[in-house]
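The values are calculated or read from the model by the stated rules, or taken from the named source; none is laboratory data. Computed from a predicted model, the values in this text were never measured in an experiment. Methodologically, a virtual Cβ is constructed for each residue, glycine included, from the backbone with ideal geometry; neighbour enumeration extends over all protein chains shown.
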Amino acid sequence: MDFPHLAGWAALAVTLGAIVFGAGRRLGREEEAQGRRRGELGEESAFYLRGLNFLLADEPDKAIEEFIKFVRVNSETVEIHLSLGKLFRARGEVGRAIRIHQTLIARPNLSQDHRTAALHALAEDFRQGGFVDRAMDAYRQVLNVDSNHRAALAGLQAMHESEGRWDMALEMLKRLEAVTGVPDPRREAHIHVRMGLEDQRPPSNGVGDAGAMVHFREAIRVFPGCVEARRLLGESLLALGRTREAIETFEALKSTRPSHFFMLMDALRRAYERAGDEEGFFRGMSGSLAALASSPRLVIQWAALLEQRGQWEDAVAVLRSGMANHPRSLAIVSPLILLLARRERWQEALEIARRRMDDLLSVQPVFQCSRCGFKSQDIYWKCPQCHQWDTMEPLL
Ligand SMILES: [Zn+2]
C-alpha cells in the first residue's frame, strides 16, 4: 500500500473508530434505562474490527468489504460515506466513489455543510474520471453555495488551465488569491503569456500584435523575472522596429532573474545588432558581473562568444572566474580545458584537469558492501548499514 492510500485508510479507520466508540458510550448510558440497541452495536463493531484487522494485515479489498457492511448498518453517518468515497477515489475506483457521493447528495435531510462537502467530493471524482464538463458543473454548484470555497476555486482554476481556457483560469486565480490572500505571481504571469500567445495566432497580426503585447507587459508587471514574457515582448518590439525598447526588455532580466539571463543573451545581442550598436552589447556584458557570478550557463555562453571574436585571454579569464565562483561546476571546467588546448596551452590545461580530477577522486567511494550496497571511502570490517562482517569489496 502506498502512502496516500495509507493516509486515506487511517482517516477512515479513525472516523469509523470514533463512531463505534461514540455509539458504545451512548449505549453505556442508555443501557440501564432501556437495554436496547445492543445487538446492532455488536454487529457494527464486529464489522469495524474485522475491517481494521484486514487493513492491518494489508488486505485492503477485504477491509473495504467489511467497512461497506459497517456503512450499511450505520447508514445515517455522513462522514463515513465521505471517507469511504475519498478512499475509493484514491484507489482509482472512481465509479464507486461517484455512486457514494451521488447517493449522499440525493438525501433530502442532508445539512448544507454536508451537501457542499459531498458536491465537492463529487467534483473531484468527475475530474479524476476525466468527466470535464460534469466536474466543472459540480465545482460551480459548490461555489453557488459557498463562493469562497478554496478547494473548489482551486479545482476549477486547475481545470480551466488544463483545458486552455486562460481567461477563465485567470478569473478563478484572482478569486482564489482574494480568498486566500496568497498571490501566485508566477502562475498569473504564465497565464498572461498564454493569453498573449493566443492573441498572436492568425487571423490576428501575429508577432507584434498590440493586444498580445498588453498581456506580455502584464505578465512582466506581476512577475518581472518571467523569461518567456520578456522574450515574447522583446521579439514583438523587434518586429515593430522598436529596438531600444526590446533591448531594455531583454536586458532587465540580468537584474530581475540573473540565473536565467543566459536564455535571452542571444536575443539581446541580436537586438543590439539591429540597433547598429554591437559594441554596446559587449560593453554591457562585460559589466554584468552579478549575472555572470550567478550563472555557470551564462559564463560558458559569454566565453564562447568572446572566443569567436578572437578575445581568447578574456574568454579564459571569464571561465577562470566562473570556476572560482562555481567550484563544483564541471560544465565550466570542460570548455576551459578545451579552450586552453585549442590555444596549445597544454601545461595550464593539464594543471586544471589534474586538480579537478583530484577533487572528484577525493569524494569518490572506494569500498562497497556486497550485501547491502553501502559505499564509503574507508573499509569497515563490520558494515555500518547491514551489520554483516567483512562484506566490503573495493570498487573498480
Ligand atoms: Zn552492508
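Some points to look at:
- Taking the listed residues 267, 246, the one that is touching a Leu at 6+ places or on another chain (Cβ under 6 Å) and either assigned by TED's automatic domain parsing to the domain that holds residue 228 or surrounded by 21 or more Cβ atoms within 10 Å (Cβ to Cβ) (or both) is 246, with no other qualifying.
- Given (1) farther than 30 Å from residue 196 by Cβ; (2) over 23 Å from the mean Cα position of the chain (by Cα), number of the condition residue 133 does not satisfy: (1)
- Residue within the stretch 369-389 that is more than 16 Å from the ligand (Cβ to nearest atom) and not charged (D, E, K, R) present: no
- Within the stretch 345-368, if we keep just the residues that are among the polar types (S, T, N, Q) and in contact (Cβ under 8 Å) with a residue 12 or more places away in the chain, the residue that is nearest to the ligand (Cβ to nearest atom) turns out to be 368.
- For residue 143, the criteria (1) on the phi > 0 side of the Ramachandran plot; (2) surrounded by 15 or more Cβ atoms within 10 Å (Cβ to Cβ) hold in every case but one, which is (1).
- Considering the stretch 246-339, the qualifying helices (runs of 4 or more DSSP H), each wholly inside and each with 1 or more residues that are under 28 Å from residue 218 (Cα atoms), run over 253-256, 265-274, 278-286, 289-294, 296-308.
- The single condition among (1) within 16 Å of the ligand (Cβ to nearest atom); (2) surrounded by 12 or more Cβ atoms within 10 Å (Cβ to Cβ) that residue 394 does not satisfy is (2).
- Residues that are under 24 Å from residue 165 (Cβ atoms), surrounded by fewer than 19 Cβ atoms within 10 Å (Cβ to Cβ) and more than 26 Å from the chain's Cα centre (by Cα) occur at least once in the stretch 185-201.
- Test: residue 270 is modelled with pLDDT under 95 and of a type outside the set (Ser, Thr, Tyr): no
- Residue in the stretch 165-182 that is out of contact with any helix residue (DSSP H, G or I) (no Cβ under 7 Å at 6 or more places or on another chain) and among the aliphatic types (A, V, I, L, M) present: yes
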